[in-house]
Amino acid sequence: TEEHADLFGKRLIRIDDTPIEEAWRRITTTIGADNEMEYAYTVPFELIRPELLHALGIAASADRAVFHFEGGTSRTFLPLTKKRWLDLDWRTANRLFKGEAPPSTRPEVLFATPLVLEHLRQRKYYWFTRLEDETTLFLQYNACWDQKDRPAFAEIAGKLFGEMDEGTVERLIIDLRHNTGGEPKIAEPLIEGLAQRSEFTEEGRLFVLVGRRTFSAALTNAAQLRSRAGARIVGEPPRGKPNSPSEGRDIELKRTKTWFTVSTQLVERDPALADAEFLPVEVEATLSFDQFRRAQDPVLDAALAADLFR
């Protein structure tokens, strides 16, 4: 919130008397994970749950916790009800929003860059555009669903292929970094269409951006684009094994009215990768806090800088 905006950029080193490294370790014991990237993604969300911090002995109380930051800054935080949380006026360190409240606290909005912001304001799941060099097409795919009141994804893919087939496109970049899943078959027209265009699959002109949020159906699509369409994977490894249990289904425990999700089948996204812990990343790139603050995108830049016609 605005009253705490001075904390942007300060490194958290301790919660009450617990060093942050130990707090991180204890929280990982409550998280099911395929690989270490699951912890990188999930632990920060859990660090703000007062009941969990208290239950794990990280904070002395569930009613308050003192967060200590590098440089001697400390701040006492009190729990918020869900309603209060939703009603608060939040800020982000991303300077693209000029200190004002972002239109949403969804991660894809908080991590927005000038390239994607206007599309996210319109709450689009998927869209494509030409980049400034006019020879690169950029496709954003944030949810594996056809979006209500918008063209189906297959229609968007068809328009994308129309531009590619004009012969003026040298590079296609597909961004799956903020896609946490849905129905993998939604992207089938895109994957099949790319697999049939050998000028992209065989010459290293197709790139897929992935990150710690890329999960479930989105991970399936990333693996398929790699194995069937020759895509080069750029970014940081996703938080799931290429071949792993998936297809979650919700189950209610009748006595306690508790809901949980269980994976119902093993999904082999790429049998050649067997029990590999990570989807292979060919061009590694990560985002620093300073780059986030400046609304920069080093992962997209890495794809643009990669040699074509490998």
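Annotations
- One residue stands out among those in segment 264-284 that are under 26 Å from ALA303 (Cα atoms) and assigned to a strand (DSSP E or B): the one that is most open to solvent (accessible area, probe 1.4 Å), which is GLU284.
- Scan segment 13-33 for residues that are farther than 23 Å from LYS82 by Cβ, in contact (Cβ under 8 Å) with a residue 40 or more places away in the chain and touching a strand residue (DSSP E or B) at 6+ places or on another chain (Cβ under 7 Å) and the total you get is 3.
- Scope segment 81-122; condition closer than 21 Å to LEU7 by Cα, acidic (Asp, Glu) and surrounded by 13 or more Cβ atoms within 10 Å (Cβ to Cβ); matching residues: none
- The lone exception for GLU36 - which of (1) open to solvent by less than 30 Å² (accessible area, probe 1.4 Å); (2) without any contact (Cβ under 8 Å) to a residue 24 or more places away in the chain it fails: (1)
- Residue match in segment 134-143 (condition: among the small types (Gly, Ala, Ser), out of contact with any Ser or Thr (no Cβ under 7 Å at 6 or more places or on another chain) and modelled with pLDDT of 95 or more): yes
- Boolean, GLY182 is touching a residue at least 12 places away in the same chain (Cβ under 8 Å), at positive phi and among the small types (Gly, Ala, Ser): yes
- Qualifying residue in segment 240-250 (condition: exposed (fewer than 11 other Cβ atoms within 10 Å of the Cβ) and in a strand (DSSP E or B)): yes
- Sole residue being modelled with pLDDT of 95 or more and either open to solvent by 40 Å² or more (accessible area, probe 1.4 Å) or of a type in the set (Phe, Trp, Tyr) (or both), chosen from LEU304, LEU300: LEU304
- Inside segment 48-66, residues that are outside any loop (DSSP other than H, G, I, E, B), under 15 Å from ILE27 (Cα atoms) and of a type in the set (A, V, I, L, M) make up a count of 3.
- When we screen PHE67, PHE138, PHE77 for residues that are more than 30 Å from ILE186 (Cβ to Cβ), open to solvent by less than 40 Å² (accessible area, probe 1.4 Å) and not small (Gly, Ala, Ser), the only hit is PHE67.
The values are calculated or read from the model by the stated rules, or taken from the named source; none is laboratory data. Small disclaimer: the values here were computed from a predicted structure and weren't measured. Quick reminder, even Gly has a Cβ in these numbers, built from the backbone with ideal geometry, and neighbours come from all protein chains shown. To get the accessible areas, we keep the full protein, side chains included, count just its heavy atoms, and leave off ligands, DNA and RNA. Shrake-Rupley method; radii C 1.70, N 1.55, O 1.52, S 1.80 Å.
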